[in-house]
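The values are calculated or read from the model by the stated rules, or taken from the named source; none is laboratory data. Keep in mind that this is a model prediction, so the values were computed, not measured. Positions of Cβ are backbone-derived with ideal geometry, glycine not excepted, and every protein chain shown enters the neighbour counts.
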Amino acid sequence: MVNVNRIRFDKNSVSVLSPLENDVIKILWKQDERRVRDIYQTLKKRRKVALTSIAVILDRLYEKKLVSRRIENGRGGEHYIYSSKCTRQDFENSVIDKTVNKLIDKFGPVAVTYFSERFSKKKS
Amino acid sequence: MIGCFEGLIITPDKIALSVLSLGLAVAALLAIKKFNLSPKIKVGLIYAHLITLLFPFVLLTTNFACGAVCSMYCYNDTTSNIAYALPTTLLLGTLAGFVVIPGFYMFSNRKTTGREINSFVKKYSKKLRIKTPNIYLIDKAKPIAFSFRSFRSAIFISVGMLDVLNKKELQAVLLHELSHIKQKSSLLKVSFSLLRLSPMSILGRFHHDTGKEERAADEFAARIQGTSRYVNSAKKKIADLD
């Protein structure tokens with residue numbers, strides 16, 4: 001289960017990650033394993049970003065348990081190789097699951113009745 | 001049996017030795033304050049001060065004459081406990097500073113296998129005429145780099161630093177740490193912390209200026225590289241990562 005605690009409701013979208021976190025995780029969803037520098041090289045073509053910002057974001061995603069990392073040896077020293085811990089689908093399922101659970105915890109039977117009515121409407 | 005405590009036992013001999021010892025403690029303190037001494041001599045004087053300061057206390061409260069049978073008469077009072085506790089604290093502080101803390105870091109982190117880093121450090125250790133330190137890797141993305149000089153010198157660097165620094169910036173950081181090892185910075189830091197335990201240290205402001213050492217280490221790296229560009233860009237990246 002991914003660790004997501006905050007959900008932002010913007011005008012046009014719902015987001016659980018910051019814009020830069022979102023861009024970084026999207027790269028990892030597409031590609032298996034990437035170094036900080038690889039992600040930086042891909043992202044800098046699209047937006048103005050510093051290498052250190054990517055490193056900070058990847059560490060934040062690691063703490064949120066969205067990515068895993070391992071140390072790889074190189075000639076110039078060791079470095080981290082990051083990879084996503086879940087697919088995009090798993091991540092989205094997890095966010096919906098957490099949101100629904102929180103609504104049920106907060107509003108109890110009112111939320112359950114609402115969902116039931118909403119889904120029966122959709123079916124019909 | 002090294003002797004036992006029987007409270008405060010004062011004899012003319014003990015008083016004379018105590019006065020002499022306290023005189024030496026003050027002299028050591030004055031020498032640290034007045035003269036611009038090398039780090040090695042400073043560390044030696046700090047220890048000389050602490051030992052000569054504690055010596056009269058231990059001397060006046062210890063009766064070494066009672067020998068093997070002393071356990072029959074000796075008892076543990078507060079004075080005796082303090083007399084044992086103070087040198088023990090000094091010993092533990094020294095052990096922690098020079099053995100336990102560096103040992104802990106060395107055993108909990110693994111050595112780097114990067115050939116370029118190791119050969120660079122080896123080359124400049126030779127130039128600085130210091131024993132080549134081991135380079136340990138800290139499994140953290142946060143920017144961490146420090147060095148120790150105790151029973152074995154060592155440089156510690158985090159993976160996060162290796163991720164963001166380029167070759168020249170990394171060399172600047174390594175040269176900075178080598179300069180600290182050469183200047184015995186960690187040894188001085190621990191010794192000045194121990195000096196604060198001395199009640200006589202209130203006579204003057206004894207502090208270890210780390211800013212001065214940091215500047216000297218930066219200057220050393222810039223001098224070797226022929227420019228301060230890499231030291232500055234490495235520092236900026238470290239600040240951004242923090």
- Task: List every residue pair whose Cβ atoms lie under 7 Å apart, where the two residues are 6 or more positions apart in sequence or sit on different chains, the first residue falls within region B:105-125 and is more than 14 Å from chain A (Cβ to nearest Cβ), and the second residue, located anywhere, is surrounded by 15 or more Cβ atoms within 10 Å (Cβ to Cβ) and part of a helix (DSSP H, G or I).
- Result: B:Tyr124/B:Leu175; B:Tyr124/B:Leu178; B:Ser125/B:Leu178
- Message: Kindly evaluate B:Gly103 against the criterion of being modelled with pLDDT under 65, crowded, with 16+ Cβ neighbours inside 10 Å and part of a helix (DSSP H, G or I).
- Response: no
- Restricted to region A:41-59, and to residues that are more than 9 Å from chain B (Cβ to nearest Cβ) and either surrounded by 15 or more Cβ atoms within 10 Å (Cβ to Cβ) or not charged (D, E, K, R) (or both), which residue is nearest to A:Lys85 (Cα to Cα)? A:Ile57
- Item | region B:156-187 - residue that is away from every other protein chain (no Cβ under 12 Å) and either over 14 Å from B:Val121 (Cα atoms) or not in a helix (DSSP H, G or I) (or both) and, of those, nearest to the chain's Cα centre (by Cα) | B:Leu187
- Task: Please verify whether region A:86-97 includes one or more residues that are within 13 Å of chain B (Cβ to nearest Cβ) and buried (at least 16 other Cβ atoms within 10 Å of the Cβ).
- Result: no
